[in-house]
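The values are calculated or read from the model by the stated rules, or taken from the named source; none is laboratory data. Remember, predicted model here, so these are calculated numbers, not experimental data. For neighbour counting, all protein chains shown are included, and Cβ atoms are generated from backbone atoms with ideal geometry for every residue, glycine included. When the accessible area is computed, the model is the full protein with side chains, heavy atoms only, and any ligands, DNA or RNA have been set aside. Shrake-Rupley method; radii C 1.70, N 1.55, O 1.52, S 1.80 Å.
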Amino acid sequence: MKFIFAAEDTIIGIICGLLLIGLTGRFFSLKLSNMLYVVIFIVFVFFILLDIFNEIRDLTTHFGFIVFSLLHNLVDLGIALAVISHFSGWNIPYITSTFVPYLQNEAVIFWLGVFLVIGNVIWLILYPFLD
């Protein structure tokens with residue numbers, strides 16, 4: 001149930017992580033409009049959901065890979081929903097009240113971006129071993 005190819009969610013996750021790192025301006029500066037962040041992270045949520053459905057549908061892979069993939073996708077989903085809520089002002093139950101206040105701190109945004117980049121690079125490296 002992948003859209004085009006197997007690693008599309010990891011590539012979009014890396015891009016989203018780089019956008020968050022660029023937003024902080026630590027290594028490079030890349031500030032976009034709030035709605036552009038919302039649209040990009042909505043696309044990321046779409047691909048995360050496709051990956052979750054794919055993992056659940058195809059349980060032939062090693063159980064550990066499936067569990068870690070689902071956990072990683074849930075963390076990515078939480079980050080993406082918090083960023084969407086933060087930049088759009090939409091009230092997403094539980095996400096807005098619990099996670100969005102952390103996005104007021106620039107260091108948290110930076111480390112969330114680092115997590116997205118490193119975590120998705122690791123999965124990108126692991127994909128050849130999963131098939």
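Stretching Phe46 away from Leu126 to a fully extended chain increases their span by 26.7 nm, per 0.36 nm per residue minus the current alpha-carbon distance. Around the Cα centre of the chain, unit charges on the Cβ atoms of Lys, Arg, Asp and Glu (plus for the first two, minus for the last two) sum to a dipole of about 300 debye. In this label model, Ile66 and Ala107 are separated by 4.0 nm, measuring between points 7 Å along each Cα→Cβ vector. Could you work out what % of the accessible surface of the chain is carbon and sulfur, using a 1.4 angstrom probe and leaving DNA, RNA and ligands out of the count? Answer for the chain is 75 percent, counting heavy atoms of protein chains only.
Each Lys and Arg contributes +1 and each Asp and Glu -1, all at the Cβ; summed about the Cα centre of the range 1-67, the dipole is approximately 280 debye.
Farthest toward the positive end of the dipole of the chain, out of Leu20, Val67, Ser33, is the Cα of Ser33, where the dipole comes from beta carbon charges about the Cα centre. In terms of its C-alpha gyration tensor, the range 89-131 has an oblate overall shape, because the principal axis ratio a/c (a ≥ b ≥ c, square roots of the eigenvalues) is not below 1.5 and a/b does not outweigh b/c. Heavy atoms of the protein chains alone define the surface here; on that basis the chain has 56 Å² accessible area per residue at 1.4 Å probe size.
Net length available on complete extension from Glu8 to Ser88 is 26.3 nm, with 0.36 nm assigned per residue and the Cα-Cα distance removed. Legend: helices of the chain (whole DSSP H runs) are marked when their alpha-carbon atoms reach 30 angstrom or more along the helix axis and their mean Kyte-Doolittle hydropathy is at least -0.5; marked are 34-57, 63-88, 106-130.
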